[in-house]
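Presented below is the structure to which this report refers.
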Amino acid sequence: MAITKVWIEEGCIVCNACEAECPDVFLVTADSCHIKADSRVDGKQDENLVAKSELKADLHRSLEDAIVAAAAGCPVNVIKYEQVANAAEAPAAPPVDAEIDAALGKALGAPEPAPSAAPAPAAAPAPAVVAAAQAPEAATDKPRITKVWIEEGCIVCNACEADSPEVFRVTETTCMIKPGVRLDGKETENRQEKNGLKPEDGERLMDSIIAAAKGCPVNVIKYDVFGNVPAAEEAPAAAAADSGPYVYDYKAAPNRQVAMPKTAPLASFHAYEAEQKALAEADEAKWQKQLADFETAKAKAAAEGKDAPKPPVRAVPRKDDNDLKFPAPTDAKDPDLLRLHALLGDKVSQSFEQAGELTCQVHPDCILETLMLCRGDHELNYEMLADQTATHYPAAEGFDFSIVYHLTSIARRKRLRLRVLVKEGQVVDSATQVYPSANWMEREIWDMLGIRFENHPDLTRILCPEGWEGFPLRKEYPTLGWGQRDIDFREDRAGVVMRMAMEKAGQMGINLVVPKAD
Amino acid sequence: MFKTEEMEINLGPQHPSTHGVLRVKLRLDGETVVKCTPIIGYLHRGVEKICEDKTYFQGQVWTDRMDYVASVSNNLGWAEGVEKLFGITVPRRAHYIRTMLTELNRLSSHLLWLGTHALDIGAMTVFLYAFREREQILDCFEAFCGARLTTTAFRIGGLREDLPPGFIKQVQAFQDRFLDCLDEYETLLTENRIWKKRTVGVALLNADDAIALGVTGPVLRAAGNPYDIRKAFPYAAYAEMQFDVPTRTAGDTYARYQVRLEEMRQSHRIIQQCVDGLPEGPVMAKLPKVLKSEVNEVYHAIEAPKGELGYYFVGEKGSQNPYRMHVRAPSFVNLQALPKMTEGKLLADVIAAIGTLDVVLGEVDR
């Protein structure tokens, strides 16, 4: 297999995904995405939608995986490419020398070389066009959903999107069947046209579509089934609903899961020392050599009666200019992190630098000891706890929360982040004994995330009122409220909503006028 | 034989001197405060939770509503924090304009503090003078971004638009008369006997206590510690600016007044340098329309008018929303020092202490 052509159809959202996957071919500018000039035969740089120029032949195979990945990763599926099915019959590597020879020969009036020397691309077998999104036809004998549509009366409640985000998209006013799963690739309610689902999607997403149709509060999601429907399983949502109004099953809608903040392996202190020593020695040796060279040059100049050469200047090691272009974590080389590592030993589980910030992750049992060291140790001397906060990671293995402490050394102009990972229900030592400023911050963490701190002077809710249910910054706490709902009394056939509204208004002393039906 | 009894009263939440909805539970022995307990949360909107559901571009709008008298500073912290998360480099001209607007905002915030603080203590006139100049600054903001308070002045990667025509002239007109205005305030207050009686030696907080309680900004500098993030960890264009960090050692309300007035002079200097040295060039970095982050944590702090304003972001791989956003609000942390400053003192000094801490409840409660 080899890719001969690649182009970008209309609809690019300029998201940079393709450039990240395959920087050799794609170049994302401020308003569009281009196929790079130096990867194309015609040497132009645009979307290549009209020209469909070929890729340079040496890139056909080397970049195949990257281009396929870029096309698959494109969120709007506008990257298309042409793939030659048989690699053996693909055009051979570019006969660059032969071309140059031919051009030279032409210029010199020599006869053109025989076409067999450089097989023209036209001689290759007709390339099979493979659209990126198209997959081979799935086996049709398995049970699958052939059509899904939404009838009138959708209340735009988002329930279907939560159940089956690949099929449904809920907009401000209505709910659509996504183009990615439809045969015609349109995005509508599919009410009139009743367009079919792609067979492989219909099979794969069968359970989720059935769940969405069951979960629809107004039952407007309809579908056609081919084959036997599997026995409907009891929805796990029922169990979740018992545990209270503010809890939804996080694992069932795993659209926001972060397993872990980014980390890097801990640097070995000895390896670092050896590296630093070697660097210093190399630097010293270079300097000695420069001095020796200068002496010989001076002696030579004096012997020849010329002006003495300039004495050498020792290069000062370049200071890092705090470049923020690489937020990727790097090994810990900062003296503070190494000092902490030397003092605490195995209790440090990770330490690294990222975006110019130092992070040190320690075992939760020794956080008090670490804070005391950070404040008291004469080399560390972090006087102030600037900030303390926590994050909920329900998808993580082995822990549920990370608590971070941002320490500031005012005298040394330095910041350090300490991090501990704790489990649900685990009690952490309060930092108030070392840094009194932790008082309100820990109250806020308890209030917002429900982590308890031991030996805290007054661990009560601070922002929410006493007696509030739930911990708002946990991930299972809903991000969106129910929103403002406009009640149309004319739709309220049974009059339930209207009666409730009138009662409420009566209690509040408001004289509510009932709208007349048309 | 008189029987004495301690009395508990509530100051606020609806009290003109608490600048919003701060409730302070006071246990009094006569007029002396025995115990002071600030109770907050009346303005809690859950900004941190809301921002988890907004993209990085949308979330900035919420920062306006935290410290609503210094929204440009809040915008700057957000924009720079996100830029740090994605490794975006902002053009130099944008840095200069951001610095200029942030310093103008510091002036407007300090002017509001000066006016209301003096009003609390009993000097009515200063309020009118201070708001006259603040109005002129807000007109500059309006010319720049169309809003006076909730500015959303910056975009991630730079600015949405370059400066409007005539903006520099407008700022220069303000600059030309502002130093005289500052002298005018000083004639009203600095040697005023009543003002000094109400402020000198009132609401003391020494540097060690301030650092232990995490207090930053002018309150810390008035206690003698010259910690200013603009100098200690320079951001925006502050590394290129010439300015001094004013400090006093007294650590009382009068020292904080002096520090803030001197800070306004320094802000004036910085704005003048921005106006004079404004570089040419683009104001927006090249960046994709859809920002998507790797999992990554970043803490970015700036020197807001009230102190250290820090933004803590946790990105999420492939998501346009922050996984977690936390604001280290200077007012929230500074307010912790209120009991330390007022216990054992007189009730009337609590009003001075609240004013001198310069808290904005929108930021305390978020």
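Close Cβ contacts (under 8 Å, 6 or more residues apart or on different chains) running from residues in the range B:114-135 that are farther than 15 Å from B:HIS19 by Cβ to residues that are among the β-branched types (Val, Ile, Thr) comprise B:GLY122/B:ILE194; B:ALA123/B:ILE194. Could you tell me which residue of the range B:133-145 is surrounded by the fewest Cβ atoms within 10 Å (Cβ to Cβ), considering only residues that are closer than 16 Å to B:SER109 by Cα and touching a helix residue (DSSP H, G or I) at 6+ places or on another chain (Cβ under 8 Å)? In this case the residue turns out to be B:ASP139. Filtered by the rule that a residue be crowded, with 21+ Cβ neighbours inside 10 Å and in contact (Cβ under 8 Å) with a residue 60 or more places away in the chain, the range A:394-416 gives A:SER402, A:LEU416.
Among the residues making up the range B:25-44, a single one is open to solvent by less than 50 Å² (accessible area, probe 1.4 Å) and of a type in the set (Gly, Ala, Ser): B:GLY41. In the range B:14-32 there is no residue matching the filter, namely being among the charged types (D, E, K, R), in a helix (DSSP H, G or I) and over 19 Å from the mean Cα position of the chain (by Cα).
Of the residues contained in the range B:62-77, none is found to be farther than 20 Å from B:PRO330 by Cβ and open to solvent by less than 20 Å² (accessible area, probe 1.4 Å).
Remark: B:LEU85 matches the filter, which requires a residue to be crowded, with 21+ Cβ neighbours inside 10 Å, over 24 Å from B:VAL364 (Cα atoms) and in contact with a Ser or Thr (Cβ under 7 Å, 6 or more places away or on another chain). Checking each residue in the range B:68-96 for being in contact with a Gly (Cβ under 9 Å, 6 or more places away or on another chain) and either of a type in the set (Gly, Ala, Ser) or under 18 Å from B:ALA143 (Cβ atoms) (or both) picks out B:GLY77, B:ALA79, B:GLY81, B:ARG93, B:ALA94, B:TYR96.
Check every one of the helices (runs of 4 or more DSSP H) wholly within the range B:184-249 and list those with 1 or more residues that are open to solvent by 50 Å² or more (accessible area, probe 1.4 Å) and in contact with a helix residue (DSSP H, G or I) (Cβ under 6 Å, 6 or more places away or on another chain). Those helices (runs of 4 or more DSSP H) span B:193-199.
Criterion first (under 30 Å from A:GLU353 (Cβ atoms), of a type outside the set (Lys, Arg), within 14 Å of another protein chain (Cβ to nearest Cβ) and surrounded by 19 or more Cβ atoms within 10 Å (Cβ to Cβ)) does B:VAL327 satisfy it? Steps first, answer last, please.
Working: under 30 Å from A:GLU353 (Cβ atoms): yes; of a type outside the set (Lys, Arg): yes; within 14 Å of another protein chain (Cβ to nearest Cβ): yes; surrounded by 19 or more Cβ atoms within 10 Å (Cβ to Cβ): yes.
So B:VAL327 passes the test.
Within the range A:352-370, the set of residues being of a type outside the set (D, E, K, R) and under 23 Å from B:TYR311 (Cβ atoms) comprises A:PHE352, A:GLN354, A:ALA355, A:GLY356, A:LEU358, A:THR359, A:CYS360, A:GLN361.
The values are calculated or read from the model by the stated rules, or taken from the named source; none is laboratory data. No experiment lies behind these values; they were computed from the predicted model shown. Note that each Cβ is placed from the backbone with ideal geometry, even for glycine, and that neighbours are counted across all protein chains shown. Keep in mind that these areas ignore ligands, DNA and RNA; they rest on the heavy atoms of the full protein, side chains included. Shrake-Rupley method; radii C 1.70, N 1.55, O 1.52, S 1.80 Å.
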